[in-house]
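Every number here is computed from the coordinates shown, using simple stated rules; none is lab data. Note that the structure is a prediction, hence the values are computed from the model and not measured.
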Amino acid sequence: MDVGSVTLGVSIAVPEPHGSRLQRLRADFGDPAAHGIPTHITLLPPTEAPADALPAVERHLAEVAANGRAFPLRLEGTGTFRPVSPVVYVRVVEGADACAWLQKQVRDASGPVARELQFPYHPHVTVAHGIAEEAMDRAQTELADYAASWDCTGFSLYEQGRDGVWRRLRTFSFGAGAVPSQPLSPDEAPHPIG
């Protein structure tokens, strides 16, 4: 990363007390990145952008949020992306369609953080990444009965510091628009203003 660029991410924060608990467990499983990554559901994976694009990114995200409304989110049980990717996660069992709609709006081809994904979008909360197989198995087993729910009222923009720690820059609360709970065809889905 050069001096004139920043690494950004957009995500839904897992609220307290769930966020801290899952972060502590991730650290206990031996994931060295645990304390530098707030517990979250990704909407935009780490993306490099010019530092001077930050105001445009914030305007874009404010427009996306203005078209959204609160929706229920529920986490339950675990899953894994192994062997494709060394990740164990807590599953999003309610609110996944709304997350999918949001991440498409955030990555909109006409927006300042447009990008393709390496893998198809699958909302989840990572609890172990890139650690020993035994520790990954332990995370998947110990959190198999985990459950948490809340109303999602917005999302946040984060920047990764040179120390590798992700820090929240701004939170965007939903407005009066509609985040669909069912997948809609592209011509039915609400679009950002502008």
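The table below lists the values:
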item	result
Karplus (6.51, -1.76, 1.60) ³J(HN,Hα), θ = phi - 60°, over region 35-50, in Hz, Gly and Pro reported as x	6, x, 10, x, 5, 7, 10, 6, 10, 9, x, x, 9, 7, 9, x
Cα long-axis angle, helix 96-106 against the chain (0 to 90 degrees, to the nearest 10)	50
Long-range HN-HN contacts of V6 with modeled amide H, under 5 Å	A49, A51
Computed log₁₀ I(q)/I(0) - Debye formula, equal Cα scatterers, no solvent, region 42-142, q 0.17, 0.19 Å⁻¹	-0.88, -0.99
T78 long-range amide H proximity, modeled H, under 5 Å	R91
Cut-off under 5 Å, modelled amide H: who pairs with R170 long-range	L157
In order through region 119-133: 3J(HN,Hα) via Karplus (6.51 cos²θ - 1.76 cosθ + 1.60), integer Hz, x for Gly, Pro	10, x, 5, 9, x, 6, 10, 5, 10, 7, 8, x, 10, 4, 3
Inter-centroid distance (Cα atoms) of region 7-55 relative to region 84-115, Å	14
Degrees separating the helix 54-66 axis from the principal Cα axis of the chain, which is the longest one	90
Cα pair distances exceeding 25 angstrom across the chain, given as percent	35
J(HN,Hα) series, region 7-13, from Karplus relation 6.51 cos²θ - 1.76 cosθ + 1.60, nearest Hz, glycine and proline x	9, 10, x, 10, 7, 9, 6
Angle between the chain longest axis and helix 18-28 axis [Cα atoms, degrees, rounded to 10]	50
